[in-house]
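Visitor: The structure is given below, and queries will be raised subsequently.
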Amino acid sequence: MEFTHKPVLLDECIESLNIRPDGIYVDGTLGRAGHSREIASRLTTGRLICIDRDMAAIDAARERLAPWMDRVTLVHSNFSDLERVLKDAGVSGVDGMLFDLGVSSPQLDDASRGFSYMHDAPLDMRMDASAPLTARDVVNSWSYEELRRILFDYGEERYAPAIAKNIVRMRETAPIETTLELVDCIKGAMPPAALREKQHPAKRSFQAIRIAVNGELDALPPMLSAGVEALNHGGRLSVITFHSLEDRIVKRTMQDLAKGCICPPEFPVCVCGRKPKIKIITRKPIVSGEAELAENPRARSAKLRVAEKCDVQ
């Protein structure tokens, strides 16, 4: 078993959850089970529910979490279905939830999954291999306008119009089948100066297509709302994001849930009756230190935000 590499912001995540040995916790993005191992090892009579949409992660976790399986429940699902997952598990209240967003290392490292712009593979990018939509479908069947929109909105790619136009032009001759064919198409639409930048020219486009294939941003608001509703008083919600789009959604949703009265300032008394559902623990996101970055460069963009459930009367 490979546990030489620590998951992102491990110590900070564990500290943020305030784990009690008899508490109930959720790891909504199981991945390599690195965070789950640390949570489960701290439980005695408590319970950990691990969710992942990738069946390969669920299967691998049976071995990785073997010493603690008496207190672990593995669920193959999308975290956007959190409310149903908890109901099916017979859980009415949770003491802490962790969501480590983005692509897990095994998905990136397995070239056959089609997430990487560094290795040639069929265009796939599905986190759940049973899902119907693939990156090949998006690249070869979505319209120019749809491609331009996702490249700009999800990848923040400034050359989105040119890249979308080039994809449409190339697929008229033959379908774009592999990751490196797509990389060549992207490069062919960008000016020479952009190709000399430190960041790989296909990084933003691959991010955009992956988000579209997996509906990643669509899944966030229902997960966050359901997560807060399911937390017990004093329970913690900890979320790690890896790009600005995710972080913006998490930040704004937490801010909205932390708002109390929204009556106009000229009202002498509150008539809306709104109470804060959470209090934000991290006014600024927690980021990786130099030691972690030296060990794991992928942690450079990671941001951890933490909130605590209020006792709403």
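Visitor: Please give the number of the condition SER244 fails out of (1) open to solvent by 30 Å² or more (accessible area, probe 1.4 Å); (2) of a type in the set (S, T, N, Q); (3) modelled with pLDDT of 95 or more.
Guide: Against the list (1) open to solvent by 30 Å² or more (accessible area, probe 1.4 Å); (2) of a type in the set (S, T, N, Q); (3) modelled with pLDDT of 95 or more, SER244 comes up short only on (3).
Visitor: Condition (residue is in contact (Cβ under 8 Å) with a residue 40 or more places away in the chain, part of a helix (DSSP H, G or I) and under 30 Å from LEU86 (Cα atoms)) applied to the stretch 196-203: is it met by at least one residue?
Guide: No, the conditions are met nowhere in the stretch 196-203.
Visitor: Please go through the stretch 43-62 and pick out each residue that is under 18 Å from the mean Cα position of the chain (by Cα) and closer than 19 Å to ALA129 by Cα.
Guide: Listed by number, the residues that qualify are CYS50, ILE51, ASP52, ARG53, ASP54, MET55, ALA56, ALA57, ILE58.
Visitor: Which residue is least open to solvent (accessible area, probe 1.4 Å), if the candidates are limited to the stretch 256-313 and must be within 22 Å of PRO221 (Cβ to Cβ), over 23 Å from the mean Cα position of the chain (by Cα) and free of Cβ contacts under 8 Å to residues at least 60 places away in the same chain?
Guide: Among residues in the stretch 256-313 that are within 22 Å of PRO221 (Cβ to Cβ), over 23 Å from the mean Cα position of the chain (by Cα) and free of Cβ contacts under 8 Å to residues at least 60 places away in the same chain, the one least open to solvent (accessible area, probe 1.4 Å) is GLY260.
Visitor: I've got another one for you. When you look at LEU237, is it at pLDDT 95 or above, open to solvent by 20 Å² or more (accessible area, probe 1.4 Å) and touching a helix residue (DSSP H, G or I) at 6+ places or on another chain (Cβ under 7 Å), yes or no?
Guide: no
Visitor: Quick one: ARG71 ticks every box in (1) touching a His at 6+ places or on another chain (Cβ under 9 Å); (2) open to solvent by 40 Å² or more (accessible area, probe 1.4 Å); (3) of a type in the set (D, E, K, R) except a single one, so which number is it?
Guide: Among (1) touching a His at 6+ places or on another chain (Cβ under 9 Å); (2) open to solvent by 40 Å² or more (accessible area, probe 1.4 Å); (3) of a type in the set (D, E, K, R), ARG71 violates only (1).
Visitor: Restricting to the stretch 140-154, what's the tally of residues that are buried (at least 20 other Cβ atoms within 10 Å of the Cβ) and either more than 24 Å from PRO192 (Cβ to Cβ) or of a type in the set (Lys, Arg) (or both)?
Guide: 3
Visitor: Condition (residue is hydroxyl-bearing (Ser, Thr, Tyr) and outside any helix (DSSP H, G or I)) applied to the stretch 147-155: is it met by at least one residue?
Guide: yes
Visitor: Touching a strand residue (DSSP E or B) at 6+ places or on another chain (Cβ under 9 Å), modelled with pLDDT under 95 and surrounded by fewer than 15 Cβ atoms within 10 Å (Cβ to Cβ): is that true of SER104 in this structure?
Guide: Against the criterion (touching a strand residue (DSSP E or B) at 6+ places or on another chain (Cβ under 9 Å), modelled with pLDDT under 95 and surrounded by fewer than 15 Cβ atoms within 10 Å (Cβ to Cβ)), SER104 does not qualify.
Visitor: Can you tell me which residues in the stretch 155-170 are surrounded by fewer than 24 Cβ atoms within 10 Å (Cβ to Cβ) and of a type in the set (Asp, Glu)?
Guide: Matches in the stretch 155-170: GLU156 only.
The values are calculated or read from the model by the stated rules, or taken from the named source; none is laboratory data. All figures in this text were calculated on a predicted structure; none of them were measured in a lab. Positions of Cβ are generated from backbone atoms using ideal geometry, with glycine treated the same way; all protein chains shown enter the neighbour counts. Side chains are part of the model used for accessible areas, which takes the heavy atoms of the whole protein and leaves out ligands, DNA and RNA. Shrake-Rupley method; radii C 1.70, N 1.55, O 1.52, S 1.80 Å.
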